[in-house]
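Below is one structure, written out as structure tokens; the observations come after it.
The values are calculated or read from the model by the stated rules, or taken from the named source; none is laboratory data. Predicted model, so just to flag it, every value in this text is computed and none were measured. Every residue, glycine as well, gets a Cβ built from its backbone with ideal geometry; the counts of neighbours run over all protein chains shown. With ligands, DNA and RNA removed, areas are computed over all heavy atoms of the protein, side chains included. Shrake-Rupley method; radii C 1.70, N 1.55, O 1.52, S 1.80 Å.
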Amino acid sequence: MSTNEKKTLTVALTGASGAVYGVRIVQELLKSGHTVHFLLTGAAWQVLYYELGMDTSDRERCLYELFGSHERLFYHTDQEFSAPIASGSAQNDGMVIVPCSMGTLAKIAHGTSSNLLERAADVALKERRKLIIVPRETPLNSIHLENMKRLSDTGAQIVPAMPGFYHQPSNYDDLVNFVVGKVLDQLGASHNLFRRWGES
């Protein structure tokens with residue numbers, strides 16, 4: 001699939017630390033003209049408050065402050081099972097869960113679909129679509145690792161939130177953009193967020 005082709009993608013945030021990764025990915029996808037189905041767990045809204053200092057009491061206003069007014073952004077609540085992403089019959093080019101908590105990862109790995117996020121991930125797996133998991137936890141125990149392997153074996157891509165340093169990051173944004181760029185690469189979405197190895 002061409003990196004310039006406009007896609008319909010799903011981005012989900014959980015309660016793991018690293019909400020900025022998910023927010024930045026949505027911003028970059030919208031900037032490039034892609035359509036985004038966006039959902040957050042209740043814990044993810046709490047992380048937006050603690051990590052980004054946002055007033056999340058008015059969620060509609062919060063989304064506007066993050067993304068502005070976009071006709072290509074569709075926000076869904078976690079119990080909105082009527083959303084297109086709940087069905088394999090709706091066209092979708094891939095899903096990324098960023099950051100992904102170990103609890104969410106475990107539920108997806110074992111086929112639990114108690115909310116829209118888990119159902120959308122299950123749809124991605126059963127339809128053999130891209131499912132990118134961005135875990136943000138340390139240290140990892142054997143259960144975490146086994147669940148990641150289980151998902152990898154079923155076709156999910158595991159992209160840990162591990163920034164590189166060969167591009168000589170000089171600030172916080174450089175570190176965030178490296179991880180975001182690696183995820184966008186897996187989605188086939190073009191970007192210029194970091195200097196690639198071998199580029200001058």
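Annotations
- Restricting attention to the stretch 186-200 and to residues that are free of Cβ contacts under 8 Å to residues at least 60 places away in the same chain and among the small types (Gly, Ala, Ser), the residue that is nearest to ASP93 (Cα to Cα) turns out to be GLY198.
- Considering the stretch 163-182, the residues that are of a type outside the set (A, V, I, L, M, F, W, C) and in a helix (DSSP H, G or I) include one that is surrounded by the fewest Cβ atoms within 10 Å (Cβ to Cβ), namely TYR172.
- Residue in the stretch 7-51 that is most open to solvent (accessible area, probe 1.4 Å), counting only those that are more than 17 Å from GLY181 (Cα to Cα) and in a loop (DSSP other than H, G, I, E, B): SER17
- Per-region count, the stretch 120-151, residues out of contact with any Pro (no Cβ under 8 Å at 6 or more places or on another chain), part of a helix (DSSP H, G or I) and surrounded by 20 or more Cβ atoms within 10 Å (Cβ to Cβ): 6
- Selection over the stretch 143-200 of residues that are on the phi > 0 side of the Ramachandran plot and in contact with a Leu (Cβ under 8 Å, 6 or more places away or on another chain) gives a count of 1.
- Residues (under 18 Å from LEU187 (Cβ atoms) and in contact with a His (Cβ under 9 Å, 6 or more places away or on another chain)) located in the stretch 118-165: ALA120, PRO135
- Conditions (1) in contact with a helix residue (DSSP H, G or I) (Cβ under 8 Å, 6 or more places away or on another chain); (2) within 20 Å of SER32 (Cβ to Cβ); number of the one not met by SER113: (2)
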